[in-house]
Amino acid sequence: MTAPSKDEEKQITEGIREILSQYDKDKRHLIPILQKVQQSFGYLPGIATQKVASHLEMTDVQVFGVASFYNHFRFTPLGKHPVQMCMGTACHMVGGGLVLEALERTLDIKVGGITEDKEFSLDRVACIGCCGLAPVMVIGEKIYPKMSPTKVDEALVNLKMEAEED
Amino acid sequence: MTELIKLTINDTQVEAEKGTKILSAALDAGIYIPNLCYLPEADLPFGGCRLCYVEVEGRGPVTACTQPVTNGMVVHTQTPEVERLRRTAFKLLIAYHNLDCRNCPKNKKCELQKLAPKVKVKLKTPEDFRDLPTDLLPPDTTNPYVTYDPNTCVLCGKCVHVCAQKNGEPLIDFAFRGYETRLTMSSDITLIEEKCPSCGQCVAICPTAGLQTPTSSESNATLAEGG
Ligand code: SF4
Ligand code: SF4
Ligand code: FES
Ligand code: FES
């Protein structure tokens, strides 16, 4: 996991204080709070779990236990290019898993992870509603239809070059 | 005075206080029912291991640790049906367990070793589960007082319960889901130092090698490395 910088950390602490101020100390707010935190930062930073825990008078492991149960929550930030591979039924049936494996290999990260240069993050999603184009990959807003493991490099190469130019 | 309930377990007349679970009633009467996750003092039974299946006449198989006794209840602890259920449950418990008893710190003191002959299952990876992932997961050595081995933990929940009892809140708890379910240690060292009295109760209650006190040279090395 990449640790946030001092500035980021300050920003996160501020943001979380703001979110927590809208909720009283009741455990039933746990999931809505976590959702808000993720909405604000794109992920659940480590300090968020601790701050939320102490606000709700829970332990950080309890909060982490709940959060880690759901695929919806992530613990690493999103990359500049968030890569999502559809693992809905249709995409799964026509080899989505193989594409996902190829993505993990090419990016050298696991699902839920982010590359060291913070350019790419990788997630699996459920059906995104265009099963006719299965298997479907999404990077940012762009949809890549009828994916195959061999098309992974091709799709990533432009984005990777862009990254190197910056 | 608490009300006494009369029931029959394997043709034996048994009396137990109202609210007692079938499992406790049977064990107190000297009738053995396999169990792994049961803690009599817990308000809510965990009911996770499914080893304690018994047959209640008119109701079929139930887990003995979750069902309170009722008057006139007739319980059988050894029907072919419940024995089959227990075998399956036990196989599931060891399906992706790192079964290396000879080199295991818990060898000869392990609850699974004691249970295996009782549920009539061999302590080796069951045929039907050979295709499950077998990669060993890394141990968790973040807590200076206890180390955790996800490969021998059977997720019985006992450690979480005793920790919460002792400290008013659990400093260890389950996280993730499915195959990935494992215990998490508090990641915040100040929290551990402030709250964990290093009482060792979680290690003592662990039926397997899941939780250990870091005494072996190996875990000490990992601890030193981690700072
Ligand atoms: S925990 Fe028990 S069953 Fe597992 S390897 Fe150790 S001794 Fe064997
Ligand atoms: S570490 Fe031990 S006591 Fe805790 S859940 Fe695993 S097997 Fe049970
Ligand atoms: S299953 Fe992938 S788009 Fe529907
Ligand atoms: S002892 Fe009943 S389910 Fe574990």
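Values in this text are rule-based calculations from the coordinates and carry no lab data. Worth saying up front: this structure is predicted, and the values here are computed from it rather than measured. Neighbour counts are summed over all protein chains in view; Cβ atoms, including those assigned to glycine, are modelled from backbone coordinates with ideal geometry.
For A:Pro135, what charge total do you get from the other residues with a beta carbon under 13 Å from its beta carbon, if Lys and Arg give +1 and Asp and Glu give -1? Don't skip to the end; give the middle numbers.
Working: positive: A:Arg124, A:Lys146, A:Lys151; negative: A:Glu101.
My count for the surroundings of A:Pro135 gives +2.
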Worksheet item: Based on DSSP H runs of at least 4 residues, each adding -39500 (n - 2.57), what is the mean residue ellipticity at 222 nm of chain A after dividing by all its residues, to the nearest 500 deg cm²/dmol?
Response: -14500 deg cm²/dmol
Item to complete: Write out the chymotrypsin sites (Phe, Trp or Tyr not before Pro) in the stretch B:2-73 meeting two conditions: DSSP loop, and at most 16 other Cβ atoms within 10 Å of their Cβ.
Response: B:Tyr32
Worksheet item: Once the dipole of chain A is set up with Lys and Arg at +1 and Asp and Glu at -1 on Cβ about the Cα centre, which of A:Leu122, A:Ile143, A:Ser54 lies farthest towards its positive end?
Response: A:Ser54
Worksheet entry | Average other protein chain Cβ within 10 Å of Cβ, residues B:170-178 | 5
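Using the count of nearby Cβ atoms within 10 Å as a rough guide to exposure, how do B:Lys158, B:Lys122 rank from fewest to most? Don't jump to the answer; show the numbers that get you there.
Working: B:Lys158 25, B:Lys122 11.
Arranged by neighbour count, lowest to highest, B:Lys158, B:Lys122 become B:Lys122, B:Lys158.
Please get the size of the charge dipole for chain B, origin at its Cα centre, with Cβ charges of +1 on Lys and Arg and -1 on Asp and Glu, quoted in debye to the nearest 20.
On the way: 24 positive and 27 negative charges, 159 e Å.
Rounded to the nearest 20 debye, it is 760 debye.
Could you list A:Asp117, A:Asp123 so that the one with the fewest beta carbons within 10 Å of its beta carbon is first and the one with the most is last? Don't skip to the answer; put the middle values down first.
Details: A:Asp117 12, A:Asp123 18.
Going from sparsest to densest Cβ surroundings: A:Asp117, A:Asp123.
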Worksheet item: With each pseudo-label sitting 7 Å past Cα toward Cβ, what's the A:Thr13-B:Ser198 distance in nm, one decimal?
Response: 2.9 nm
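Report, in debye and to the nearest 20, how large the dipole of the stretch A:102-166 comes out about its Cα centre when Lys and Arg carry +1 and Asp and Glu carry -1 on their Cβ. If you can, show how the numbers build up before the last one.
Details: 8 positive and 13 negative charges, 108 e Å.
Dipole size: approximately 520 debye.
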Practice prompt. Quick one: angle between helix A:6-20 and the longest Cα principal axis of chain A, in degrees between 0 and 90, rounded to 10, please.
Written response: 70 degrees
Worksheet item: A:Gly112: net charge of surrounding residues, Cβ under 10 Å, Lys/Arg +1, Asp/Glu -1, itself excluded?
Response: +2
Worksheet entry | trypsin sites (Lys or Arg not before Pro) restricted to the stretch B:1-101 and DSSP loop, no more than 16 other C-beta within 10 Å | B:Lys18, B:Arg59
Discussion item. Could you identify which residue out of B:Leu115, B:Leu92, B:Leu27 has the top mean-square fluctuation in a GNM of chain B using Cα springs shorter than 10 Å?
Written reply: B:Leu27
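Report the GluC sites (Glu not before Pro) located in the stretch A:2-74 that are in a DSSP loop and have at most 15 other Cβ atoms inside 10 Å of their Cβ, or state none.
On the way: sites: A:Glu8, A:Glu9, A:Glu14, A:Glu18, A:Glu57; in loops: A:Glu57.
Answer in residue order: A:Glu57.
Would you mind ranking A:Thr115, B:Thr152 by Cβ crowding within 10 Å, fewest neighbours first?
On the way: A:Thr115 19, B:Thr152 25.
Sorted ascending by nearby Cβ count, the order is A:Thr115, B:Thr152.
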Item to complete: Restricting to the protein assembly as shown, compute how many DSSP beta bridges are antiparallel as a %, nearest 5.
Response: 75 percent
Worksheet item: Under a point-charge model restricted to the Cβ atoms of Lys and Arg (+1) and Asp and Glu (-1), what is the dipole moment magnitude of the stretch B:101-227 relative to its Cα centre, in debye to the nearest 20?
Response: 920 debye
Item to complete: For each pair in B:Lys118/B:Lys158; A:Lys6/A:Lys118; B:Lys106/B:Lys166; B:Lys158/B:Lys195; B:Lys114/B:Lys195, compute the distance between the two Cα atoms and list the pairs where it is over 26 Å.
Response: B:Lys114/B:Lys195
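With a sphere of radius 10 Å drawn around the Cβ of B:Pro207, what net charge do the other residues whose Cβ falls strictly inside it have (Lys, Arg +1; Asp, Glu -1)?
On the way: positive: B:Lys106, B:Lys109, B:Lys114, B:Lys158; negative: B:Glu111.
Result for the local shell: +3.
Classify the stretch B:154-212 from the C-alpha gyration tensor, please: rounded if a/c falls under 1.5, else prolate or oblate depending on whether a/b exceeds b/c. Each step should come with its number before you reach the end.
Numbers: a/c = 1.89, a/b = 1.30, b/c = 1.45.
Oblate.
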Practice prompt. Place a label point 7 angstrom from the Cα of B:Thr66 along the Cα-to-Cβ direction, then list the residues of the stretch B:1-32 whose backbone nitrogen is under 18 Å away.
Written response: B:19-25
